[in-house]
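Structure first, then comments.
Computed from the coordinates by the stated procedures, all read-outs in this text should not be read as laboratory data. Bear in mind that the values here come from a model prediction, so they are computed numbers and not experimental data. Here the Cβ is made from the backbone with ideal geometry for all residues, glycine too, and neighbour counts use every protein chain on show.
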Amino acid sequence: MDTADFQKGRTFKFEPYSESIPGSDIQIEMVPINGGTYLMGSPANEAGRDSDEGPQKQVKINSFWMGAYEISWEQYSLFLDESPEKIKAREVILKDGSKHLVDGVSTATPMYIDMSFGMGRKGFPAVNMTQYAAMMYARWLYTKTGHFYRLPTEAEWEYACRAGSVTAYHFGNDPKELSTYAWFQENAEKGYGRVGTKAPNAFGLYDMHGNVAEWTADQYTGNYFNKLSGSPADNPYLKPTTLYPRAVRGGSWMDTAKDLRSASRLASSNKWKIRDPQMPKSIWWLTEAPFVGFRLVRPKETPSKEEIDKYWIQAMDDF
């Protein structure tokens, strides 16, 4: 189904689809994830477990689409290369037929070094962008398509990664099987792999373990699970209040097996910008994080115009 179907107010079926980015031949493959309730975090006896992964909590998640793959350099470069005058405020039509004027979106500053560090571009995941840049990519895609994309919450990300499993990895507990599903320290040969070249999980999502770690929308806190209220906790989201740390998930090509587990969590750090030559430091680029990328989600139920406006206003305030 293409963008025109949505813009005409037709029903958008909850099924896999390819989002065509207008003005290009690039597409983003989206996979439907039916919502449900699951046990988030890791049990106390899981091998490699860290203290920030529990105590486990029942969590309810609404249905959403998620990118089948991590955002690639080809997809991300369309945003980097877009002229600002082409993405000023434009009108989009939401699912309920209402018209919505979307504010213009700033594009990222040019890369001052090769942010792929020579590891490859064509078919490889984009890396070294800040969480802000990843969020602005989502907002840019919204202005291009009229579909509300954003980063996943930590809870959504783990739900999607597990794909119904209760084991350390979505395929089981044995890390010896990781090479079938993930690029990580043991097989990566000092660089990330092409997206989608390992086996997917049960939801049809690739590289949820390894390749590049992925930004989520949440503030990182070591006592995350103690902050969740309700039984189950309903679509939890820890809204950021400080720039550091933010929550990253999935592990990367640089990590060992234990850091690729479904419940493993990583906190962002200002050290990821230590070699940034700019003063002040760039809000767009990292220099020490060739292991961090992202993928997008889209809620099944389209938020109202007011909710979308509020989301982006709050997101901007967080930086």
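Here is how the numbers come out for the structure above:
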| read-out | value |
| --- | --- |
| Difference of contour (0.36 nm per residue) and Cα-Cα distance, E189 to K227 | 9.8 nm |
| Efficiency of FRET from Cβ geometry, T241 and S24, R₀ 41 Å, rounded to 0.05 | 0.65 |
| Magnitude of the charge dipole, the chain, Cβ model with Lys/Arg +1 and Asp/Glu -1, debye to 20 | 220 |
| Read-out P(r) over Cα pairs in 20 Å bins from 0, in percent, derived from the coordinates shown; its label in [x] 34, 61, 6; [y] 29, 47, 21, 3, 0; [z] 27, 35, 19, 16, 4 | [x] |
| Computed [θ] at 222 nm, deg cm²/dmol, the chain (DSSP H ≥ 4; -39,500 (n - 2.57); rounded to nearest 500) | -5000 deg cm²/dmol |
| Cα→Cβ-extended label distance, 7 Å offset, between S269 and E307, nm | 3.8 |
| Pairs from K13/K273; K190/K273; K190/K310; K190/K227 whose Cα-Cα separation, in the structure shown, is over 30 Å | K13/K273; K190/K310; K190/K227 |
| Surface/4 of the Cα convex hull for region 127-285, nm² | 10.9 |
| Per-residue Cβ neighbour rank within 10 angstrom, fewest leading, E46, E306 | E306, E46 |
| Charge-dipole axis of the chain as Lys and Arg at +1 and Asp and Glu at -1 on Cβ define it, positive-most pick from Y237, I71, G120 | Y237 |
| Distance (nanometres) between label positions extended 7 Å along Cα→Cβ at S51 and I113 | 3.4 |
